[in-house]
Amino acid sequence: MKTYRYTSLAFAICLGLSACGGSGDDTSEPDKKVYPAYTDMTASGGDTTTYDASESGHGFSTPAPNLTEAELEHHLEGDLSFETAFTTAPNQEHPDLDGLGPVFNNTDCNSCHQRDGRNSTPIVPAGQERIKLSSASGIFLRISKAPAEPCTEGNAANDYCAPIAVPNFGGQLFHRGVLKARADWEDNLFGGQADVYLSYETKEVTYPDGSSITLKKPLFDVENPYDAPGETKGSVNVTSDLLQDDVLMGWRNGMPVFGLGLLEAIPEADILALVDENDADGDKISGRANFVFDAVKAQAGDEHPVSLGRFGWKANTPSVRVQSLGALRGDIGITNPLFPDESVVGTALHDSYLTRTGFTDTGEDENGNPEADAAFSDSVVFYAESLAVPARRNVDDPNVREGARLFDEINCTGCHKASFVTKSSGDIGGTAMIDGHKGQTIYPFTDMLLHDLGEDLADGRPDFLANGNEWRTRSLWGIGLTQTVNPQAGFLHDGRAATMEEAILWHGGESENSRDAFMNLSKTERDQVVAFLMSL
């Protein structure tokens, strides 16, 4: 795309020609700026868009306006379920609330997705080197064993390229626990599988114009695992399964949950049409699809239970149902019809807990059913599928319009594809599609694909077909309201970026050219790109 800034040399030449009469008869005007089609768009979510969320701390919590009366009632039931805080089993007075843990990351969905947006980024107070992650943290840790070689095609024999669970720990680290979850509970009364500490390192980035900005990167230390109390990575003799050198750790921040039903309704063929794994067009942007194990298909008896990954930071879940119910079981420890077994079942911690306490927390209620019944589970899923998408704002602002043009000019749209049209029929995630999601033109600004974003953002941990450098392109709709909904929220997979500008500067790999182009803009132009993003 053309740029429209004259260099001083070009300007002088132009003046010279005019003075000599070299172009005296040329009355043509300079090329007019061309603005992308999304510049004036306001209805980010089609008919599911809400226009009253701009200044509200609950701007992500509005039900889609095109729900039927019955769907709205179901949505409100799900809203209550989403905020339900679970308790330790047994709870005689409220048995419908028991089953928490025995190890977990949070007690309810809202704690990781505050007001349906991002969670708060933990702060290390001045004068402290680090803090211990507590109940207030919405950040958690994926863990797995390093594979012997990359997995490139999933099948039953290789567990569909799923991450390899850490023996006696599983695939996620739970830093909290119920009373006496650990055998050394006298010293760790409510301890989880291990203690997690957060610190930050900083680096300075200088623009070509001489201005600079300080970026911060979170660092995490895992210590005191339940299988070797007091041990750290620096111990003389490391015995814990968790602290071995081949254990990979990837930090995750809770994502916003609005608009998920629309992303689920994008035709698979339209996503796969954007794959450019070998960079055939030479723009240094590839884009790969992740194909992942699908628990819904497996439960239905499908012989090849694999689907396109759409959700999660590495596109490691195929549907809102798998994502939501997997988090219910994983993050909180609440079993459900899709995931009826505890995340830590069969581990030494769980076996010891049941033996020592005699508590009935095997993942089943008194009738042998999962802790969350089908009605509760379905309502949580429907809630996440049926939240409204906030409308764009300030689209007539000249700076926002210029930012939209520059966003396209520096090829941010190479990954953040502006729009899709949702499919007009069919099921989604094994259930019927919401009528209000059919045939909608939406503007999520994502291609739903994996991209290598460079070493600075890499966690080194593969997840199905995604490698350790790859991340799914984040949807940008609503991003300008993130800190209106939660002023303490950060951006990127671990919350490291406090602003949109910081988030851009962390980009590398396939997005390096766009980042560098952003850095070479003038301060005014950089502010315009940010203004555009804040309008979404």
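The values are calculated or read from the model by the stated rules, or taken from the named source; none is laboratory data. Please read these numbers as outputs of a predicted model, since none were measured by experiment. All Cβ positions, glycine included, derive from the backbone under ideal geometry; neighbour counts span all protein chains shown.
What to note about this one:
- Residue in the stretch 447-467 that is nearest to Ala146 (Cα to Cα), counting only those that are part of a loop (DSSP other than H, G, I, E, B) and small (Gly, Ala, Ser): Gly460
- Residue pairs whose Cβ atoms lie under 7 Å apart, sitting 6 or more positions apart in sequence or on different chains, and linking a residue in the stretch 417-431 that is in contact (Cβ under 8 Å) with a residue 12 or more places away in the chain and hydroxyl-bearing (Ser, Thr, Tyr) to a partner that is part of a loop (DSSP other than H, G, I, E, B) and surrounded by 19 or more Cβ atoms within 10 Å (Cβ to Cβ), are Ser419/Tyr443; Thr422/Ala265; Thr422/Ile266; Thr422/Gln440.
- In summary, Ser211 fulfils each of the numbered conditions (1) surrounded by fewer than 16 Cβ atoms within 10 Å (Cβ to Cβ); (2) in contact with a strand residue (DSSP E or B) (Cβ under 9 Å, 6 or more places away or on another chain) with the single exception of condition (2).
- Test set (1) part of a helix (DSSP H, G or I); (2) within 23 Å of the chain's Cα centre (by Cα) - Asp351 fails condition number: (2)
- The lone criterion from (1) part of a helix (DSSP H, G or I); (2) in contact (Cβ under 8 Å) with a residue 60 or more places away in the chain; (3) within 26 Å of Gly254 (Cα to Cα) left unmet by Arg356 is number (3).
- Within the stretch 109-126, tally of residues that are over 19 Å from Phe491 (Cβ atoms) and not small (Gly, Ala, Ser): 3
- Number of positions in the stretch 165-198 that are among the aliphatic types (A, V, I, L, M) and without any contact (Cβ under 8 Å) to a residue 24 or more places away in the chain: 2
- Elements of type helices (runs of 4 or more DSSP H) in the stretch 216-330, at least 2 residues being more than 22 Å from the chain's Cα centre (by Cα), surrounded by fewer than 23 Cβ atoms within 10 Å (Cβ to Cβ) and modelled with pLDDT of 95 or more: 295-299
- Selection count, the stretch 29-87, where residues are under 30 Å from Asp98 (Cα atoms) and hydroxyl-bearing (Ser, Thr, Tyr): 5
- Residue tally, condition farther than 22 Å from Val381 by Cβ and in a loop (DSSP other than H, G, I, E, B), over the stretch 413-428: 5
- All positions within the stretch 311-369 that are of a type in the set (Asp, Glu) and either over 26 Å from Met448 (Cβ atoms) or in contact with a Leu (Cβ under 9 Å, 6 or more places away or on another chain) (or both): Asp341, Glu342, Asp351, Asp361, Glu364, Asp365, Glu366
- Pairing each residue of the stretch 228-251 that is more than 15 Å from Phe174 (Cα to Cα) with any residue that is in a loop (DSSP other than H, G, I, E, B) and among the hydroxyl-bearing types (Ser, Thr, Tyr), provided the two are 6+ apart or on different chains, yields C-beta distances under 9 Å for Ala228/Ser235; Ala228/Thr239; Ala228/Ser240; Glu231/Thr239; Glu231/Ser240; Val238/Thr232; Ser240/Tyr226.
- Exactly one residue out of Asn66, Asn91 is within 20 Å of Asn336 (Cα to Cα) and in a loop (DSSP other than H, G, I, E, B): that is Asn91.
A quick yes/no check of all residues on (1) under 21 Å from Arg252 (Cβ atoms); (2) at pLDDT below 95; (3) within 24 Å of the chain's Cα centre (by Cα):
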site	(1), (2), (3)
Pro122	yes, yes, yes
Ile131	yes, yes, yes
Ser134	yes, yes, yes
Ser137	yes, yes, yes
Phe140	yes, yes, yes
Ala162	yes, no, yes
Val166	yes, no, yes
Leu173	yes, no, yes
Asp184	no, no, no
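Let's see how each residue does on (1) farther than 25 Å from Asn336 by Cβ; (2) buried (at least 17 other Cβ atoms within 10 Å of the Cβ); (3) touching a Cys at 6+ places or on another chain (Cβ under 8 Å):
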{"site": "Tyr353", "(1), (2), (3)": "no, yes, no"}
{"site": "Arg393", "(1), (2), (3)": "yes, yes, no"}
{"site": "Pro398", "(1), (2), (3)": "yes, no, no"}
{"site": "Arg405", "(1), (2), (3)": "yes, yes, no"}
{"site": "Thr422", "(1), (2), (3)": "yes, yes, no"}
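- The listed residue being within 24 Å of Phe293 (Cα to Cα), surrounded by fewer than 21 Cβ atoms within 10 Å (Cβ to Cβ) and at pLDDT 95 or above, out of Ala374, Ala432, Ala384: Ala374
- Matching residues in the stretch 19-51 - criterion: being at pLDDT below 95, more than 22 Å from Phe532 (Cβ to Cβ) and either touching a helix residue (DSSP H, G or I) at 6+ places or on another chain (Cβ under 7 Å) or among the charged types (D, E, K, R) (or both): Ser23, Asp25, Asp26, Glu29
- Number of positions in the stretch 472-488 that are within 24 Å of Leu450 (Cβ to Cβ) and buried (at least 22 other Cβ atoms within 10 Å of the Cβ): 5
- Among the residues of the stretch 468-498, those identified as farther than 21 Å from Ser286 by Cβ and either part of a strand (DSSP E or B) or without any contact (Cβ under 8 Å) to a residue 12 or more places away in the chain (or both) are Gln483, Pro487, Ala489, Phe491, Ala497.
- Contact map, the stretch 363-387: first residue more than 21 Å from Ser319 (Cβ to Cβ) and in contact (Cβ under 8 Å) with a residue 24 or more places away in the chain, second residue among the acidic types (Asp, Glu) and exposed (fewer than 15 other Cβ atoms within 10 Å of the Cβ), Cβ cut-off under 6 Å, separation 6 or more or different chains; pairs are Gly363/Asp341.
- Here Leu533 meets the list (1) touching a residue at least 60 places away in the same chain (Cβ under 8 Å); (2) touching a helix residue (DSSP H, G or I) at 6+ places or on another chain (Cβ under 6 Å); (3) in a loop (DSSP other than H, G, I, E, B) almost entirely, failing just condition (3).
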